[in-house]
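*Asks:* Below you'll find the structure I mean.
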Amino acid sequence: MNHDKHVERIDALTGCANLLAFLETFSARLASQTDAAFSLLLIDLNNFMFFNNQHGQARGDSVLHWVGIVLQDTGLPAYRLGDDEFLLSLEDEDPVKSEQIARSVFERLNRESKQFEIVNPASVILIHFQKEKLEVADLWIAISDALFDAKVFGDRGFLVNTYTHASAINNYQLSVINMLTERLLSLANRLDDTHQIAYLDPVTQLPNSIAGERELKRAIETSERTKAEFSILFIDGDNLRFYNDISYSAGDNMLRRLAALLSSHLRPGDFIARWRVGDEFLVLLPGTTREDALIVAERLRSQVESISQTWEIPITISLGIAIYPLHGVTVEELLLAVEKAAKQSKDHGKNQITVFE
């Protein structure tokens, strides 16, 4: 489950990891690795600015999204470094195998680019790194050199480069690049801390209502592109105020146990947030039909009823279900529908599930 505790490391348009994720991953790797050989596959779209100006940003975004799909289909870590620059991380030390992967990506990009009426869509450069101690600055130098070679000497096609630390620019420039990288990562950590305060519920450590609305908006935008439906559960605790009658500390402890119980019975990829500051929770179920949402909801209802029998005061939950786009296509419409459904469950006796009608 994505609890959204960190500043995003995913590029929303392409689904690839972003520049920050690349810096964090390779900074940690180069600081701890035992000088293992590896390769990076750099993809630079040719004349992309001209394409955007000629065909419009929406068409350009479609191209970027397609490139992201091509790279993620390799099953390798994929990053979007800039507007039209992507990168794959190849762990295999065998340069022949790495070159086979690189050529297959290059051929697919050229083959499928016909749908966008693009000829020679991308420069694809395979960069081999030797078994030597490297720094993040070495990667940037290698990438910069590779882009230059592709544009000046490679006719914007397929190239294979080998990088060694000895070929780097002077030590002062290396130190400047590394210092800038460290500052960027430090800023990301501070943003993470701020993000946690803004979007995390302090009691349950789940995302809060603000994060829940953001995730719902994101789910709607994704489903608009993919034409896939998804489901929402609204969970309302039944008579949980009895715990607060003991003490507010007892109420908070019960909410933490309930949050952990609900989270443990959701699927990878599902999202749960504490809603407002009471005993309510919002769950997003991507790619889930009405029938499957009922199965998930019943699992949560029955588990809470059963497992809480061992708690100081047994509890139950009432649930509402709404489906996108059947019951709404905006955040407001879907929340209104799912809250109404949960209220019907409460009004009709509690400890039950209602699908919005």
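The values are calculated or read from the model by the stated rules, or taken from the named source; none is laboratory data. These numbers were taken from a predicted model, which means no experiment stands behind them. Backbone-built Cβ (ideal geometry, glycine too); neighbour counts: all protein chains shown. Note: accessible area is taken over every heavy atom of the protein model, side chains too, but ligands, DNA and RNA are not part of it. Shrake-Rupley method; radii C 1.70, N 1.55, O 1.52, S 1.80 Å.
*Asks:* Counting each DSSP H run of 4 or more residues in the chain as -39500 (n - 2.57), what helix-only mean residue ellipticity at 222 nm follows after dividing by all residues, to the nearest 500 deg cm²/dmol?
*Replies:* Values: 11 runs with 178 residues, N = 357.
The per-residue figure over the chain is -16500 deg cm²/dmol.
*Asks:* Another question, then. Mind listing the long-range amide H neighbours of ALA122? Cut-off is under 5 Å, sequence gap 5 or more, other chains count too, H placed in the peptide plane at 1.01 Å from N.
*Replies:* ASN46
*Asks:* Hey, another quick one. Could you state the number of Å between the C-alpha centres of the range 73-139 and the range 6-54?
*Replies:* That distance is 10 Å.
*Asks:* Still on this structure, please answer the following. From Cα pairs below 8 angstrom and at least 6 apart in sequence, can you work out the relative contact order of the chain, rounded to a whole percent? Intermediate values should be presented prior to the final figure.
*Replies:* Values: 575 pairs, mean separation 57.1, N = 357.
Relative contact order of the chain: 16 percent.
*Asks:* Same structure, new question: I need the shape label for the range 253-335. Rule: rounded when a/c is under 1.5, else prolate if a/b > b/c, else oblate, with a, b, c from the alpha carbon gyration tensor.
*Replies:* Working: a/c = 2.19, a/b = 1.69, b/c = 1.30.
Prolate.
*Asks:* Further, regarding this structure: May I ask you to give the solvent-accessible area per residue for the chain, in square angstrom, as obtained with a 1.4 angstrom probe?
*Replies:* Numbers: 17420 Å² over 357 residues.
I get 49 Å² per residue for the chain.
*Asks:* Return the long-range amide H neighbours of VAL160 (sequence gap of 5 or more, or a different chain), with a cut-off of under 5 Å between placed amide H atoms.
*Replies:* LEU126
*Asks:* Can you list residues whose amide H is under 5 Å from ILE10's amide H, if they're 5+ apart or on another chain and H is modeled 1.01 Å from N?
*Replies:* Residues meeting the criterion, in which the H sits 1.01 Å from N, are ASN18.
*Asks:* Shape call for the range 1-142 from the C-alpha gyration tensor, a ≥ b ≥ c root eigenvalues: rounded (a/c under 1.5), prolate (a/b greater than b/c) or oblate? Walk me through the intermediate numbers first.
*Replies:* Values: a/c = 2.03, a/b = 1.38, b/c = 1.48.
Note, shape of the range 1-142 comes out oblate.
*Asks:* Could you derive backbone 3J(HN,Hα) for the range 155-162 from the dihedral phi with the Karplus parameters 6.51, -1.76 and 1.60 (θ = phi - 60°), listing whole Hz in sequence and x where the residue is Gly or Pro?
*Replies:* With the stated coefficients, the range 155-162 comes to 6, 6, x, 10, 9, 10, 10, 10 Hz.
*Asks:* Considering only protein heavy atoms and a 1.4 Å probe, what is the carbon-and-sulfur percentage of the accessible area of the chain? Working shown, then result.
*Replies:* Numbers: 9460 of 17420 Å².
The C+S portion of the solvent-accessible surface of the chain is 54 percent.
*Asks:* What value in Å³ per residue do you get for the convex hull of the alpha-carbon atoms in the chain? Before the final figure, lay out each step's value.
*Replies:* Numbers: hull volume 60.4 nm³, N = 357.
Normalising the Cα hull of the chain by residue number yields 169 Å³.
*Asks:* Using +1 on the beta carbon of Lys and Arg, -1 on that of Asp and Glu, and nothing else charged, what's the dipole of the chain about the Cα centre, debye to 20? Before the final figure, lay out each step's value.
*Replies:* On the way: 34 positive and 51 negative charges, 70 e Å.
Taking the Cα centre of the chain as origin, the dipole is about 340 debye.
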